[in-house]
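Have a look at the structure below, then the notes.
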Amino acid sequence: MFEPEEREPSIPDRGSAFSTTLWTEVILAGDTDSPESAAALESLCRGYWYPLYAFVRRQGHDPHEAQDLTQAFFTDLLKKRFLKTVDREKGKFRSYLLARLKNFLANDWTYQRRQKRGGGQGLFSLDEAAAEGRYGEEPRDNATPESLFERRWAQAILDEVFRKLAAEYEGTESPRRFAELKRFLIETQEADTYAEVAARLGMSESAVKSAIHRLRQRYRELFRAEIASTVATVAEVDEEIRYLFAALRG
């Protein structure tokens, strides 16, 4: 997949994503029962639950147990006031979630007892079949569960950015055009030339080049904004990008 460059031009103001990030809002609201805080955290959890599910599976739990434990973890996280304990100087969302998950798993006997009493209703649905299918396709190696979590987290960032780009682009452009142009983002080698794509779309070659340039630029913008939503301060964005690229490369 095309990787955003580590340093990009300033992002245009599209809702001031960098002035107050989702994760910053969550942290700041940690001492309250703010609906905005809960909504922001739930949004992040929806996008990034798979790395945690895979981490649980790596600990030896079967698919059904992993789904139940992951769901119960998020239920506790969203319903209880754990955010009061977050250290804003170490405010990376991925680090916080993994540390909290390890603590949860170390004490999951509490969860198991609650399940037997009829609890454990999830706040949102986790697609067990899709998650397990994805987990089964992953190569097995000797990396630590923590290293694999970081790699999966980085991939989840890219997947979420691509999903948002597709939704945004298809809202204003032909789905067929996006299907053609997105190949220049996700393929390591360009199988088709600009001229071939231009011919299929009825566009000039220069128009195709310009469209691809805009698509890549917007991809980078969304990527940086997504990273910003998972760290505590704007100053951490470039550092987080470098870290996640390193995780992807293994």
**Asked** When you look at ALA228, is it open to solvent by less than 40 Å² (accessible area, probe 1.4 Å) and either in contact with an Asp or Glu (Cβ under 6 Å, 6 or more places away or on another chain) or without any contact (Cβ under 8 Å) to a residue 60 or more places away in the chain (or both), yes or no?
**Response** no
**Item:** Residue that is modelled with the lowest pLDDT, among those in the range 26-56 that are open to solvent by 20 Å² or more (accessible area, probe 1.4 Å) and touching an Asp or Glu at 6+ places or on another chain (Cβ under 8 Å)
**Value:** GLU36
**Request:** Starting from residues that are assigned to a helix (DSSP H, G or I), open to solvent by 40 Å² or more (accessible area, probe 1.4 Å) and hydrophobic (A, V, I, L, M, F, W, C), keep the ones in the range 163-194 and report whichever is modelled with the lowest pLDDT.
**Result:** ILE186
**Prompt:** Would the range 195-216 turn up any residue that is at pLDDT 90 or above, buried (at least 18 other Cβ atoms within 10 Å of the Cβ), not hydrophobic (A, V, I, L, M, F, W, C) and not in a loop (DSSP other than H, G, I, E, B)?
**Reply:** no
**Asked** So which pairs qualify, if the first residue must be in the range 177-195 and charged (D, E, K, R), the second must be at pLDDT 60 or above and part of a helix (DSSP H, G or I), the Cβ gap must be under 7 Å, and the two must be at least 6 apart or on different chains?
**Response** ARG177/LEU201; GLU180/VAL197; GLU180/ARG200; GLU180/LEU201; GLU190/PHE184; ASP192/ARG183
**Request:** Evaluate the range 6-14: report whether one residue or more is open to solvent by 60 Å² or more (accessible area, probe 1.4 Å) and at pLDDT 65 or above.
**Result:** no
**Complete:** Over the range 231-246, the set of residues touching a Lys or Arg at 6+ places or on another chain (Cβ under 8 Å) and open to solvent by less than 20 Å² (accessible area, probe 1.4 Å) is VAL231, ALA232, VAL237, GLU240, ILE241
**Asked** In the range 223-240, how many are closer than 18 Å to GLY47 by Cα, in a helix (DSSP H, G or I) and either modelled with pLDDT under 90 or of a type outside the set (Lys, Arg) (or both)?
**Response** 6
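The values are calculated or read from the model by the stated rules, or taken from the named source; none is laboratory data. No experiment lies behind these values; they were computed from the predicted model shown. Please note: Cβ atoms are built from the backbone with ideal geometry, for glycine as well, and neighbour counts cover all protein chains shown. Please note that ligands, DNA and RNA were not included when accessible areas were found on the heavy atoms of the full protein model with its side chains. Shrake-Rupley method; radii C 1.70, N 1.55, O 1.52, S 1.80 Å.
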